[in-house]
């Protein structure tokens, strides 16, 4: 009799123990893309200042994927699969992305279009808009470049 109670209570727990991705969060879609507001941001091991710093992010505008929310904290994942918690005040909804492999910035969204520049992996870009296979992007260095890249070469191009 005791054994059957233990077995049935375990089954009841497994059915109700669904993983929640948002607790008192923003109500926005998860997952979604965000970017860093500052040039130095601490990623923590949990949702609060009392949790130790797990990683330092040192690039303003760096894209992150939000995978969970807890009050004013967002669990984020980097392109290289590092995850941790960042306070919402340190995040922006500005769409940015990273070039994942060497590609060419095109004048129009076509493989046969003239190339404006060669883009190398890990280049930070601003994502203006995306179509089915192409994204219009902006690169700001000494000069501003605006053009099109294949969507598959941009991490952060997917609008969630």
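What follows is calculated from the coordinates using simple rules that are stated; it is not laboratory data. Note that this is a predicted model, so its numbers are computed, not measured. Neighbour counts are summed over all protein chains in view; Cβ atoms, including those assigned to glycine, are modelled from backbone coordinates with ideal geometry.
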Which of the following values of Kirkwood radius over Cα pairs in Å was calculated from the structure shown: (i) 17.7; (ii) 16.5; (iii) 15.5? (i)
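Using a Förster distance of 45 angstrom, determine the FRET efficiency expected from the C-beta separation of residue 108 and residue 87, and round it to 0.05.
Numbers: r = 40 Å, r/R0 = 0.90.
Result of the calculation: an efficiency of 0.65.
Okay, helix-only estimate at 222 nm for the chain: each DSSP H run of n ≥ 4 adds -39500 (n - 2.57), divide by all residues, round to 500 deg cm²/dmol; what do you get? All intermediate terms of the calculation are to be shown ahead of the outcome.
Details: 1 runs with 15 residues, N = 160.
After summing the helix terms and dividing by the residues of the chain, the value is -3000 deg cm²/dmol.
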Please compute the contact order of the stretch 97-155 in relative form: average sequence separation of alpha-carbon pairs under 8 Å and at least six residues apart, divided by the residue count, as a percent. 37 percent
Pick out which of 138, 69, 56 has the largest mean-square fluctuation in a Gaussian network model of the chain, springs linking Cα atoms closer than 10 Å. 56
Please build a GNM for the chain, connecting alpha carbons under 10 Å apart, and tell me which residue among 141, 101, 60 fluctuates the most. 141
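Output the antiparallel fraction of DSSP beta bridges having both residues in the chain, as a percent to the nearest 5.
Just about 95 percent of them are antiparallel.
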Nearest 10 degrees, 0 to 90: helix 2-16 Cα axis against the chain principal axis: 30 degrees
Candidates 34, 140, 67, ranked by Gaussian network fluctuation over the chain, Cα under 10 Å, top entry: 140
